[in-house]
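J.: What follows is a single structure, and I will ask about it in a moment.
The values are calculated or read from the model by the stated rules, or taken from the named source; none is laboratory data. Since the structure is predicted, the reported quantities are computational estimates derived from the model, not experimental observations. Ideal geometry is used to build each Cβ from the backbone, glycine not excepted, and the neighbour counts take in all protein chains shown. Ligands, DNA and RNA are excluded from the accessible area calculation, which covers all protein heavy atoms including side chains. Shrake-Rupley method; radii C 1.70, N 1.55, O 1.52, S 1.80 Å.
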Amino acid sequence: MLSFLNGISQNLDTYLVLSGILFAIGSFGFLARRNAISMLMSIELMVNAVNLAFIAFGAFSPALAADASSIALIVIASAAAEATVGLAIVIAIYRNKKTPLVDEYDAMRQ
Amino acid sequence: MTLPSTIPLLGFGWNDLLFLVFAALMVISGLAVVLQRDILRSGLSMIFCFAALAGLYVLLGTPVVAGAQVLVYIGAISVLVLFAIMLTQTKVAPRALVFQTQALPAGIAAVILALLIGLTVVSTAWPAQAAATAVQAADLATKLFSAYTLPFEIVSVLLLAAVVGGVFLAKRERGEAE
Amino acid sequence: MNLSVSPADAVAMAPFIAAVLAAMAVILVDFVWPGRRTAALLTTFVGLAIVAGLILVANEGARTTQNGVSTVFNGSYRVDALTTFLDLLFVSIAGLTAAFAPDYLGERRLPVAEFNATLLFAMTGAMLLAGSADLIVLFLGLELMVLPGYLLAGFHKNDGFSTEGAIKYFLLGSFSSAIFLFGLAFVFGMTGTTRIDGVAGYLKAIVAGTAPFSPALGMGLAFLTTGVAFKIAAVPFHYWTPDAYQGSPTPVTGYLSVGPKVGAFALIIRLFAGALLPMAVQWNVVIIVLAATTMTLGNLVALTQDNVKRMLAYSSIAHTGYMLVGFAAFAAGQAQGLEGLLYYGAAYSFMNLGAFAVIASIQRRTGITSNLSTFAGLIRREPALAWLMTLFLLSLTGIPPTAGFFGKFYVILAAVQAGNTNPWLTGLAVLAMLNAAAAAFYYLRVVVYMFMRDPSEEVASIGHGRLVWAGLAVSTVMTIALGLFPGILLGLVSSAAAAVHVN
Amino acid sequence: MTGSGLVTLVTFLPLVGAIVVAFTNGERANQARYAALGFALLTWVVSLVMLTQFVSSPGTTQFIDQAPWIPAFGIQYKVGADGLSMVLVVLTTTLTWISILASFSPIQNRVKEYMISFLVLEVGMTGVFVAQDLFLFYIFWEIVLVPMYLIIGIWGGKNRIYATIKFVLYTLVGSLLMLVAILATAFLYQSGHGGSWANAFDLASLVAWAGEGHFSGTFGILAFGAFALAFAIKVPMFPFHTWLPDAHVEAPTAGSVILAGVLLKLGGYGFIRFAIPLFPEAAHSWAPLIIVLSLIGIIYGAIVALVQPDLKKLVAYSSVSHMGFVTLGIFTFQQQALQGAILQMVNHGLITGALFLLVGVIYERTHDRTIAKMGGLGAALPVYSAALGFFVFASVGLPGLSGFVGEFLTLLGTFAAMPAAAVVATFVMIFAAGYLLWMLQRMAFGELSEFLRGLGSHLTDMKPIEAMTLVPLGALVVVFGLYPGLVLTLVSGSVETTIRYATQAAPIALGLWR
């Protein structure tokens, strides 16, 4: 029963597919949500999907393992920087507009 | 006492079980992030998603990255996000439309994207596929400070730049009313 | 474990380090003497001068090597003629922006020090892009360039338009970064390296048939291309541009339309001309289509704009298209295409910054919009600005003898040459020229307002700081000189373009 | 730089003038006026000096000034003049000072900018006629656009903005496609010379190389098409003429004079100097179409002129008709016809320029150009009416005045080559007589109209300054009418060379037109 799942955690494909699913979820959130913070969170999901792919590639080819981890660490740090900037902008715009809904920011399209 | 190599009844290994649990948690909480009406709950779901990812990183033998994931994503980014949510939350927002009008096409596009990525991945023969191997912390440190010295240094500049500008943008000017 | 940094590393990275230090110095100076504009500006310009000097030093270091390239930090960064050319261009862009901004910022009580520091950080990012020999460095350079860019876009934080533009710019920028990264992950996974020459070597093997081409690699490349298309605001990935440009403080708009654009082209050159060149035949189709749609759509939408800033935003999309024409010619085997692209980038930087500087100067007094009507009768109010604006607009149109004309000339020449082997490029050249003619309509509309319409209400003229005039003088001289005596840049451009291939 | 510098002097002296004018006091308009006039006259004198030193011999370009400019692409600063250039340069310098003089009284605001624009315009026009390098030629060609744009757009009439935009867009579309053709031509030369850019934009080298048959038929057809479009728009040839009436009607008087007198000649000159020598075979292939369009233009211009209520529009449409003779004459590839075409270019410049000046004179008094409102000017303004009559008769082609010779030679040459076309064109000459004479009749004869009577003492006869602008033109019309040889000997060398290029070539049988 369910023995076809044996070794699923030892298979690169499964991790990459998982990464793809997370990436797709993130891009859906980015395209569909109206709230700026929701969109920001969606982007974080996408970046995490990328990291999962990096780590998976590294784990399954020993020569790349340390490289992949290094890259993942760097990506995590740069995502932190990105989030800082994004949230600063969100706070600034909220102070002006009193709404976090992005599609209500349309003052310029008159 | 030693555990059997495969789980009785289910027919797959303990690692596989952990993988399934983490993967399911990740996908479900990921979906929760993008689908939930209440943005506060979205934020909390995001923490679960990040935690599940950290679990997967451990499974893949990279505890260092998993640690960084917990520290940075859960400890810093999620907290910042939650903070921002609290700050900007209005009574109107959750009751108003959560999704843009193009949500349905976006959903279809996302499903197609996932399928495409999945198909591509499955149809690709990987160059060298060994069993998942753990990364030694020492190896990682060596790499980080030899081949990746420059990126490592750039990241610190990046954080500095983000903090300098971010603080300016987020701080309230003197005399400005809230 | 080798932590030491070699002298060669130090020389090559000196401009970058100096730029970071300059940014920090500006903040420090402001910390010691808060709110002193002169101190901040002085630090900025001294810093930029030092950076420029060090760029030349680094260039000398590279020239003395065997093939004119000095590769440092384990092959993740390189200094060659292309790095030098682009770095100098970025320093000029930052310097001009720093010259144009203070007047505008001062009237709005925005701090010059934070502005300049952020600008300098953005410049460091662009400089990294210019010299990166590693995809991770490329990505980080990109982030370091655009993150400060988002902040600059929202720099007028009490202004709804500014923050609105910033959030849109940020969200789409981060989205495209994620897409770019996803592609990067798959390229890394498939080729096992992030070094640009490593990837190029792998692709060469694929083309030679000694390595298999896998769907996953193809997908990775597709994601990379999409991410890049976002960054250069190519149609159909352009929709962040107009809002971000219109909303930003005008000097920032000028910077954003030039700095990140040339930076993104540095990315394209390093990525496509460096790493992906072996498969040029495959991706050039994409570039040709992007070039055609980008210039045509950008122009068509620009035709209908009544706001000059927004109009220039769409026109900058069109200019991206012209530059892509040059790149397509390069991919079709004409080295001159890359030269033309670089020349166009330099010409575009000076003329577009000049045009935005004029708008910023007019808007020095708060509350003045960038609507066309603002420009009515400018010739009476500010004759000097009106004439300069005319010059910049003519250059943007591509009327000789201006920089913009020679840029177009160069790019089109390359396209026509490449058309010899790939007829699509001849078509692209003709399309580009038809677009240039259509563009004349909206550029000249501004001239019409400046010279031929009377203002609806009389506005007293305002003075402009010496720094603005100095910056305008530089833009003007460059706009004319690059048109009349292109020889001054041709040598640099051709050695820069040649450096791409050298390993 | 090698060369006498004479051509360079003629070309750039007005630029010096423009810079000088820029430093005059904007409050005192007369400073700008006299400075501009002074430099225009000085340029004119220099061009006359050049004329006296010119040695007419077959097909040689003289007074060549040469200097490397952008060596990376083999682009040089190379200017010189043959007979054709010489004639057109003198026409340009003459009409420029006349135009500046004619602007003294009508132009009252922003005089300084106006004079600068005019002098820069002169640089561009002269430059086009003397450039011996395709890149340089293109630069001058485009430079012309900007001051003309400003002249019509700032000092023009009510609908000036529409007119300017139309003018610029039409011209730009043509010239930018021509740029592509220039680049392609230069590139083919370069790749044919082992990748060396040396002389790739040099007109003489390109023509010589083209003469050896190096350009393929298809390329020739396409490249000629691109060149021809640019020139046809400038001439303007039917159906690309629609910008012209608008531009003329809205332009200030002097702008119209230059537009008709010189700018339209740029197109004819381009055909003779660039399009035909570079792509003679293609020229033959395209010729039937161009001849048909020229005939349509001749007829169409005349018919539309016939029904124009507006005096200036009438003259504008007559331009379309008259310039049709030029393209007709050029594309019959027949010596007499080509001579006629060149003569027609000069005459049209003089006569139509004068007619526009006369329109300007009456407009300044009446602020109206409706023909129907005029009448009886003959008695009221005898000098004006005499001048009008003189130039109308010159335009109609009265033997003894210059208009006759040009058209007659064109028709004669055309008749030898294609009788049918000549017959059609001759028929049109009658029309031409019709609309111009009818206009004269309505304007000058009969009783003074009520409208004019209402003007009272404002209706004055020509002032000396106005007469001064017309006298030289009238004199030239008479001189060239009696001694057309003055022009014909000067251009004989250029004509022979062009005819030689053209007749050596056989049309390319692409099944396109034949």
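J.: Look at C:V459 and say whether it is over 20 Å from the mean Cα position of the chain (by Cα) and at pLDDT 90 or above. Can you show your working first?
T.: Values: over 20 Å from the mean Cα position of the chain (by Cα): yes; at pLDDT 90 or above: no.
Answer is no for this residue.
J.: Okay, moving on. Any residue at all in the range C:115-132 that's farther than 15 Å from C:A22 by Cα, within 14 Å of another protein chain (Cβ to nearest Cβ), without any contact (Cβ under 8 Å) to a residue 40 or more places away in the chain and not in a helix (DSSP H, G or I)?
T.: No, because not a single residue in the range C:115-132 is farther than 15 Å from C:A22 by Cα, within 14 Å of another protein chain (Cβ to nearest Cβ), without any contact (Cβ under 8 Å) to a residue 40 or more places away in the chain and not in a helix (DSSP H, G or I).
J.: Report, ordered by the first and then the second residue, all pairs with beta carbons closer than 9 Å, sequence separation of six or more or different chains, a first member in the range C:408-436 that is at positive phi, and a second member that is open to solvent by 10 Å² or more (accessible area, probe 1.4 Å) and modelled with pLDDT of 90 or more.
T.: Correct list of pairs: empty, since none qualify.
J.: While we're on this one: Just the residues that are aliphatic (A, V, I, L, M), more than 8 Å from every other protein chain (Cβ to nearest Cβ) and in contact with a Phe, Trp or Tyr (Cβ under 6 Å, 6 or more places away or on another chain), please, taken from the range C:404-420. Give the derivation first.
T.: Keep residues of the range C:404-420 that are aliphatic (A, V, I, L, M), which gives C:411-416, C:418.
Then keep just the ones that are more than 8 Å from every other protein chain (Cβ to nearest Cβ); that gives C:411, C:414-415, C:418.
If the condition is that a residue be aliphatic (A, V, I, L, M), more than 8 Å from every other protein chain (Cβ to nearest Cβ) and in contact with a Phe, Trp or Tyr (Cβ under 6 Å, 6 or more places away or on another chain), then C:V411 is the only one that fits.
J.: Within the range A:11-26, can you find the residues that are open to solvent by less than 30 Å² (accessible area, probe 1.4 Å), free of Cβ contacts under 8 Å to residues at least 24 places away in the same chain and more than 7 Å from chain B (Cβ to nearest Cβ)?
T.: Once the filter is applied, which keeps residues that are open to solvent by less than 30 Å² (accessible area, probe 1.4 Å), free of Cβ contacts under 8 Å to residues at least 24 places away in the same chain and more than 7 Å from chain B (Cβ to nearest Cβ), the range A:11-26 yields only A:G26.
J.: Name, by its number, the condition in (1) touching a Phe, Trp or Tyr at 6+ places or on another chain (Cβ under 7 Å); (2) open to solvent by less than 10 Å² (accessible area, probe 1.4 Å); (3) among the small types (G, A, S) that does not hold for D:G378.
T.: Condition not satisfied by D:G378: (2).
J.: Let me spell it out: the conditions are (1) within 30 Å of C:G491 (Cα to Cα); (2) more than 20 Å from the chain's Cα centre (by Cα); (3) touching a residue at least 40 places away in the same chain (Cβ under 8 Å), and D:E113 meets all of them except one. Which number is the exception?
T.: Every condition holds for D:E113 apart from (1).
J.: Turning to a different aspect of this structure: Give me the residue from the range C:94-114 that is within 11 Å of another protein chain (Cβ to nearest Cβ) and open to solvent by 10 Å² or more (accessible area, probe 1.4 Å) and, out of that set, farthest from the chain's Cα centre (by Cα). It would help to see each step written out before you state the result.
T.: Taking the range C:94-114 and keeping what is within 11 Å of another protein chain (Cβ to nearest Cβ), we get C:109-111, C:113-114.
Remaining after also requiring open to solvent by 10 Å² or more (accessible area, probe 1.4 Å): C:109-111, C:114.
Details: C:R109: 28, C:L110: 25, C:P111: 25, C:E114: 22 Å.
Among them, the one singled out is C:R109.
J.: Tell me yes or no: at least one residue of the range C:181-193 is among the hydroxyl-bearing types (S, T, Y), part of a helix (DSSP H, G or I) and open to solvent by 10 Å² or more (accessible area, probe 1.4 Å).
T.: Kept after step one, since they are among the hydroxyl-bearing types (S, T, Y), are these residues of the range C:181-193: C:191, C:193.
In the following step, the residues that additionally are part of a helix (DSSP H, G or I) were identified as C:191.
Going one step further and asking which of them are open to solvent by 10 Å² or more (accessible area, probe 1.4 Å), we end up with C:191.
Yes, that holds for at least one residue.
J.: Right, something else. When C:D30 is evaluated against the numbered criteria (1) away from every other protein chain (no Cβ under 14 Å); (2) touching a residue at least 60 places away in the same chain (Cβ under 8 Å), which criterion, by number, is the only one it fails?
T.: (1)
J.: What do you reckon, is C:L396 assigned to a helix (DSSP H, G or I), under 25 Å from C:P236 (Cβ atoms) and under 23 Å from the mean Cα position of the chain (by Cα)? Break it down stepwise before answering.
T.: Values: assigned to a helix (DSSP H, G or I): yes; under 25 Å from C:P236 (Cβ atoms): yes; under 23 Å from the mean Cα position of the chain (by Cα): yes.
Here the answer is yes, as C:L396 does meet what is asked.
J.: What do you reckon, is C:F237 open to solvent by 10 Å² or more (accessible area, probe 1.4 Å) and closer than 21 Å to B:I112 by Cβ?
T.: Values: open to solvent by 10 Å² or more (accessible area, probe 1.4 Å): yes; closer than 21 Å to B:I112 by Cβ: yes.
In short, yes.
J.: Would a scan of the range C:65-78 turn up a residue that is charged (D, E, K, R) and buried (at least 16 other Cβ atoms within 10 Å of the Cβ)? Reasoning before the result, please.
T.: In the first step, residues of the range C:65-78 are kept if they are charged (D, E, K, R); the result is C:78.
From the residues that got through so far, the ones that are buried (at least 16 other Cβ atoms within 10 Å of the Cβ) too are C:78.
Within the range C:65-78 (the criterion being charged (D, E, K, R) and buried (at least 16 other Cβ atoms within 10 Å of the Cβ)), the answer is yes, since at least one residue qualifies.
J.: Something else about it: Going by the structure shown, is C:V11 open to solvent by less than 30 Å² (accessible area, probe 1.4 Å) and closer than 23 Å to B:I154 by Cα?
T.: On the way: open to solvent by less than 30 Å² (accessible area, probe 1.4 Å): no; closer than 23 Å to B:I154 by Cα: yes.
Judged against the criteria, C:V11 is not a match.
J.: From the list C:V358, C:V286, exactly one residue is crowded, with 24+ Cβ neighbours inside 10 Å and either closer than 30 Å to D:F23 by Cβ or of a type in the set (V, I, T) (or both). Which is it?
T.: On the way: C:V286 fails: crowded, with 24+ Cβ neighbours inside 10 Å.
Only one candidate qualifies: C:V358.
J.: With respect to the numbered conditions (1) out of contact with any strand residue (DSSP E or B) (no Cβ under 6 Å at 6 or more places or on another chain); (2) crowded, with 21+ Cβ neighbours inside 10 Å; (3) basic (K, R), which one is the sole condition not fulfilled by D:R28?
T.: Going through (1) out of contact with any strand residue (DSSP E or B) (no Cβ under 6 Å at 6 or more places or on another chain); (2) crowded, with 21+ Cβ neighbours inside 10 Å; (3) basic (K, R) one by one, D:R28 breaks only (2).
J.: Suppose the filter is part of a helix (DSSP H, G or I) and buried (at least 23 other Cβ atoms within 10 Å of the Cβ); does D:T410 pass it? Lay out the reasoning, then the answer.
T.: On the way: part of a helix (DSSP H, G or I): yes; buried (at least 23 other Cβ atoms within 10 Å of the Cβ): yes.
Taking the combined requirement at face value, the residue satisfies it.
J.: Considering only residues that are within 30 Å of the chain's Cα centre (by Cα) and open to solvent by 10 Å² or more (accessible area, probe 1.4 Å), look in the range C:203-222 and name the one that is nearest to the other protein chains (Cβ to nearest Cβ).
T.: Keep residues of the range C:203-222 that are within 30 Å of the chain's Cα centre (by Cα), which gives C:203-204, C:217-222.
Now restrict to residues that are open to solvent by 10 Å² or more (accessible area, probe 1.4 Å): C:204, C:218-219, C:221-222.
On the way: C:K204: 16, C:G218: 8, C:M219: 5, C:L221: 12, C:A222: 10 Å.
If we take residues in the range C:203-222 being within 30 Å of the chain's Cα centre (by Cα) and open to solvent by 10 Å² or more (accessible area, probe 1.4 Å), then C:M219 is nearest to the other protein chains (Cβ to nearest Cβ).
J.: Looking only at residues that are small (G, A, S) and surrounded by fewer than 18 Cβ atoms within 10 Å (Cβ to Cβ) in the range D:473-514, which one is modelled with the lowest pLDDT?
T.: Our first condition is that a residue be small (G, A, S); within the range D:473-514, this holds for D:474-475, D:481, D:485, D:492-494, D:502, D:505-506, D:509, D:511.
With surrounded by fewer than 18 Cβ atoms within 10 Å (Cβ to Cβ) added as a condition, the list becomes D:475, D:485, D:506, D:509, D:511.
Working: D:A475: 91, D:G485: 84, D:A506: 61, D:A509: 51, D:G511: 43.
Out of the qualifying residues, it is D:G511.
J.: What are the pairs, 6+ residues apart or on separate chains, where a residue within the range D:437-457 that is assigned to a helix (DSSP H, G or I) has its Cβ under 8 Å from a residue that is among the acidic types (D, E)?
T.: Short answer, once both residue conditions are applied: D:F451/D:D368.
J.: Determine the pairs where a residue that is among the β-branched types (V, I, T), located within the range C:327-344, has a partner that is surrounded by fewer than 24 Cβ atoms within 10 Å (Cβ to Cβ) with Cβ atoms under 7 Å apart, the partner being 6 or more residues away or on another chain.
T.: none
J.: Counting only residues that are open to solvent by 10 Å² or more (accessible area, probe 1.4 Å) and in a helix (DSSP H, G or I), which one in the range C:147-168 is nearest to the other protein chains (Cβ to nearest Cβ)?
T.: C:G160
J.: Now a separate question. Please list, ordered by first then second residue, the pairs with beta carbon atoms under 9 Å, 6 or more apart or interchain, first in the range A:41-67 and within 10 Å of chain C (Cβ to nearest Cβ) and open to solvent by 10 Å² or more (accessible area, probe 1.4 Å), second among the hydroxyl-bearing types (S, T, Y) and not in a helix (DSSP H, G or I).
T.: A:S61/B:T133; A:L64/C:T193; A:D67/B:Y148; A:D67/C:T193; A:D67/C:T194
J.: Search the range D:181-215 for residues being away from chain C (no Cβ under 14 Å) and crowded, with 21+ Cβ neighbours inside 10 Å, and hand back the single one that is farthest from the chain's Cα centre (by Cα).
T.: D:N199
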